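Trainee: The structure follows.
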Amino acid sequence: MSNTRGKLEEAKYFLEQMQVYVEDRKKFAFNLSAFLSAARSITFVMQSEFKSSPGFDDWYKDKQKEMNNDGDFGFFNHLRVATIHKKPVVPHKKTEIGISETIAVSESITIRVIDKEGNVVSEQTLESEPKENKPSQETKVTVKHSWYFEERPNDDLLELCNKYIQKIEKLVEECEKQFHKG
């Protein structure tokens with residue numbers, strides 16, 4: 001395994017830990033910080049490991065241009081700089097609670113015959129069978145925790161991290177295919 005691949009696996013490990021600790025603010029934030037650091041260092045390790053490979057410098061310059069034009073790379077680099085050099089990145093948590101319950105519904109109609117003086121001559125009530133014949137189920141409560149970055153409130157944090165790491169993994173695979181010795 002290349003050193004670059006090892007650093008990629010490290011970043012993926014911290015991303016997995018974020019998913020495990022999605023309900024724990026402190027552990028989630030610690031693993032996010034470690035993920036940002038490890039993910040960003042992948043390309044530094046790549047440059048160090050493959051710089052002596054023929055053709056790497058030109059290939060990497062092209063890849064740097066692509067990364068500079070990709071908003072996700074810039075966004076995550078900004079986060080990494082902030083968390084390493086300025087202050088911890090503080091993700092925001094969103095909790096969705098759903099409550100569902102099964103109920104039985106029935107209908108009834110009352111027919112009244114009234115004479116001209118307003119007296120009820122006859123009355124009949126017709127009732128339908130309940131549309132749900134199953135016994136009522138217990139109330140079901142679901143809780144879903146998700147996270148987002150202040151700068152990107154409409155994007156799920158874990159989805160962004162997964163998308164970012166997939167882009168880096170594609171870069172690593174391409175690099176290893178072209179330049180890995182052995």
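The values are calculated or read from the model by the stated rules, or taken from the named source; none is laboratory data. As the structure is a computational prediction, the values presented were derived from the model and not from experiment. Glycine gets a Cβ as well: all are built from the backbone with ideal geometry, and neighbour counts include every protein chain shown.
The rows are residues; the columns are (1) touching a helix residue (DSSP H, G or I) at 6+ places or on another chain (Cβ under 9 Å); (2) farther than 16 Å from residue 175 by Cα.
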| site | (1), (2) |
| --- | --- |
| 19 | yes, yes |
| 30 | yes, yes |
| 33 | yes, yes |
| 38 | yes, yes |
| 44 | yes, no |
| 51 | yes, no |
| 78 | no, yes |
| 84 | yes, yes |
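Trainee: Check 167, 144, 177 and return the single one that is surrounded by 12 or more Cβ atoms within 10 Å (Cβ to Cβ) and basic (Lys, Arg). First the steps, then the outcome.
Mentor: Working: 144 fails: surrounded by 12 or more Cβ atoms within 10 Å (Cβ to Cβ); 177 fails: surrounded by 12 or more Cβ atoms within 10 Å (Cβ to Cβ).
The match here is 167.
Trainee: Can you tell me which residue is nearest to the chain's Cα centre (by Cα) among those in the range 32-56 that are farther than 19 Å from residue 5 by Cα and part of a helix (DSSP H, G or I)? I'd like the intermediate steps shown before the answer.
Mentor: Pass one, the range 32-56, residues farther than 19 Å from residue 5 by Cα: 32-33, 54-55.
When the remaining residues are screened for being part of a helix (DSSP H, G or I), the result is 32-33.
Working: 32: 13, 33: 16 Å.
Residue satisfying both the conditions and the ranking: 32.
Trainee: Here's a follow-up. Please state which one of 50, 44 is farther than 25 Å from residue 156 by Cβ, modelled with pLDDT of 90 or more and touching a Ser or Thr at 6+ places or on another chain (Cβ under 8 Å). Working first, answer last.
Mentor: Working: 44 fails: touching a Ser or Thr at 6+ places or on another chain (Cβ under 8 Å).
Among 50, 44, only 50 is farther than 25 Å from residue 156 by Cβ, modelled with pLDDT of 90 or more and touching a Ser or Thr at 6+ places or on another chain (Cβ under 8 Å).
Trainee: Sticking with this structure for a sec: From the list 116, 27, 94, 86, pick out the single residue that is exposed (fewer than 10 other Cβ atoms within 10 Å of the Cβ) and under 35 Å from the mean Cα position of the chain (by Cα).
Mentor: The match here is 86.
Trainee: Just to check your reading of the model, which residue among 11, 38 is within 20 Å of residue 159 (Cβ to Cβ), in contact with a Lys or Arg (Cβ under 7 Å, 6 or more places away or on another chain), surrounded by 17 or more Cβ atoms within 10 Å (Cβ to Cβ) and in contact (Cβ under 8 Å) with a residue 24 or more places away in the chain?
Mentor: Working: 11 fails: in contact with a Lys or Arg (Cβ under 7 Å, 6 or more places away or on another chain).
None of the others qualify; the one that does is 38.
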